[in-house]
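First up is the structure itself, then whatever we jot down about it.
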Amino acid sequence: MQVPTPPRLLPRIPPFVRLLFSATLLAAIAYLASTWSDPATTSPGTPPVEPTVVVPTVDLAVLEQALDGTREQRLLLEPEPLRYLLQLAIDVGPTVAAALGIPAEPVPPATLRTDMAHWRGRWIWYEGELVDLAGPREGHPIAGYSIYEVTIRLADGGHAMAAFSIPPDGAIRKGSWIRIEGYLLKLRDTNYPLDIREAPLLVGRAIQRDYEDWAPVRELDPALLAKVDDTSWWPQDTMWHTLEEDQTEPLWHLAAFARDTADQRTFAEWRRIGLLNAAEFFEPFKDHEVVRGTPLRIIGTLIQRTTVAAPANPAGIKFWTVAWLQVREYGGAMVPIWVPKRVGELPMQAQLEVRGYYYRRFAYEAQNGQRHFVPLFVAADLDQYELATDPAMRQVGMVLGGILTGLMLLFWWGSRRAARESVEHQRQMDDRRRRRRNRQATAAAPDSPPA
């Protein structure tokens, strides 16, 4: 009897199908490798020294000594809470002010008057015309400092006042447009030299000259950007200036341009602009051949981010965000990005694609003590990286996906066919074994007795 042929564990696949499957698999691997990168493979960078922000805590019990419920109380200036806030405010710079929650716009005095319990001790600001400046006078709690007092007229005709410690710039005089900021102490009244009622009194570090707001900046001024000097490597020179130290007209101009023209280039147009990479950018950057204001895309991993309250400026910038990106294409270097706004929440290690403009060379000291100089960029925002696939590559991917799907269906059909053959083969073997047992049982049985 002919023994049935046992089924194959795998379906019989013609050689050309196996070759087609191997080629498709290799093409799919190459396609994925060309359109996907793992952030974890980024070479280790050298992070900068992360700034330490110490936020002062206001003792509201001391401020309760400042009374402003009646005109008689508002005419008096209690020395103890004033001295307390002068000492507390002396170390409040832009970074600390941002951490204290300085508002983006001045708080209307009417709002303060309705809820002083909420606003007393908060760091706020106003801008207006200087109408009175007094000082220096003694009584400052810190040796070497004196007390100055200023009164400004707000745009709506009201008044605000401030006490501060740093002597004002010589260019500031009556009629100047200035900015005051500090802790809100109380509402203040005066009889002389001005008759003022319920003006907010701030206690801060210094007053700042303010500027007339610019119109939207739609074109770059090369002559203005040419004033930036980043040729010296010596510490304390321009190349080492941080954001707080580099509040100058060229920076404001470039930041306003980035912000005001952010909607002029589409996403597709930005994708045609070059990427920051060491192969094409390092030597021109090193040799000062890169034109300031050159647009570039910077793709990297967000390592650090800090928000700074902007000092007075004509570009209308209220906050700055300082971001450090680790850029793999630039040798894993840490690249700083300055953004003229408070950037929304972004997780650390987020992959970003920043559309920036080259500003200048930047020197910094890393956490390991080494000194580096890298390109510094100004951008309108920090955008998360979105993988864009070319239409032709999408078509290739669809074709490869169709082929892989067909091969998977072929294997599924072959496996199902092999399973059916296996079941049939097992049934035939069971029948064969049963017939063999029947024959053996018949042959072994004794002959029947005669009748």
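Hey, among the residues in the range 243-257 that are in contact (Cβ under 8 Å) with a residue 24 or more places away in the chain and in a loop (DSSP other than H, G, I, E, B), which one's farthest from His372 (Cα to Cα)? So that I can check it myself, show each step before the final result.
Taking the range 243-257 first, the residues in contact (Cβ under 8 Å) with a residue 24 or more places away in the chain are 243-244, 247, 249-257.
Still in the running and in a loop (DSSP other than H, G, I, E, B): 243-244, 247.
Working: Leu243: 17, Glu244: 19, Gln247: 22 Å.
Filtering the range 243-257 for residues that are in contact (Cβ under 8 Å) with a residue 24 or more places away in the chain and in a loop (DSSP other than H, G, I, E, B), the one farthest from His372 (Cα to Cα) comes out as Gln247.
Considering only residues of the range 82-124 that are within 17 Å of Glu64 (Cα to Cα) and not in a helix (DSSP H, G or I), which is nearest to the chain's Cα centre (by Cα)?
Trp123
Taking interchain pairs and intrachain pairs at least six residues apart, which have beta carbon atoms under 9 angstrom, with the first residue in the range 135-146 and in contact (Cβ under 8 Å) with a residue 12 or more places away in the chain and the second in a loop (DSSP other than H, G, I, E, B) and exposed (fewer than 13 other Cβ atoms within 10 Å of the Cβ)?
Ser146/Glu138; Ser146/Gly139
So if I check each of Ile147, Ile124, which one is closer than 20 Å to Ala309 by Cβ, modelled with pLDDT of 95 or more and out of contact with any helix residue (DSSP H, G or I) (no Cβ under 6 Å at 6 or more places or on another chain)?
Details: Ile147 fails: closer than 20 Å to Ala309 by Cβ.
The conditions single out Ile124.
Each row is one residue, and each column tells you yes or no for (1) in contact with a Pro (Cβ under 8 Å, 6 or more places away or on another chain); (2) among the hydroxyl-bearing types (Ser, Thr, Tyr); (3) in the same structural domain as Gly128 (by TED's automatic domain parsing); (4) surrounded by 15 or more Cβ atoms within 10 Å (Cβ to Cβ).
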residue: Thr238; (1), (2), (3), (4): no, yes, no, yes
residue: His241; (1), (2), (3), (4): no, no, no, yes
residue: Ala258; (1), (2), (3), (4): yes, no, no, yes
residue: Phe267; (1), (2), (3), (4): no, no, no, no
residue: Glu283; (1), (2), (3), (4): no, no, no, no
residue: Ala315; (1), (2), (3), (4): yes, no, no, yes
residue: Ala323; (1), (2), (3), (4): yes, no, no, yes
residue: Val327; (1), (2), (3), (4): no, no, no, yes
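Taking only pairs six or more apart or across chains, which ones have beta-carbon atoms under 6 Å, a first residue in the range 56-74 that is over 19 Å from Ala160 (Cβ atoms), and a second residue that is surrounded by 12 or more Cβ atoms within 10 Å (Cβ to Cβ) and aliphatic (A, V, I, L, M)?
Pro56/Leu88
Got at least one residue in the range 138-154 being under 20 Å from Leu187 (Cβ atoms) and assigned to a loop (DSSP other than H, G, I, E, B)?
Within the range 138-154, one or more residues are under 20 Å from Leu187 (Cβ atoms) and assigned to a loop (DSSP other than H, G, I, E, B).
Name the single residue that is surrounded by the fewest Cβ atoms within 10 Å (Cβ to Cβ) among those in the range 198-236 being at pLDDT below 95 and in a strand (DSSP E or B).
Looking at the filtered set, the residue picked out is Arg209.
The values are calculated or read from the model by the stated rules, or taken from the named source; none is laboratory data. All of these numbers come straight from a predicted model, not from anything done at the bench. No Cβ is skipped: glycine too gets one built from the backbone with ideal geometry, and neighbour counts run over all protein chains shown.
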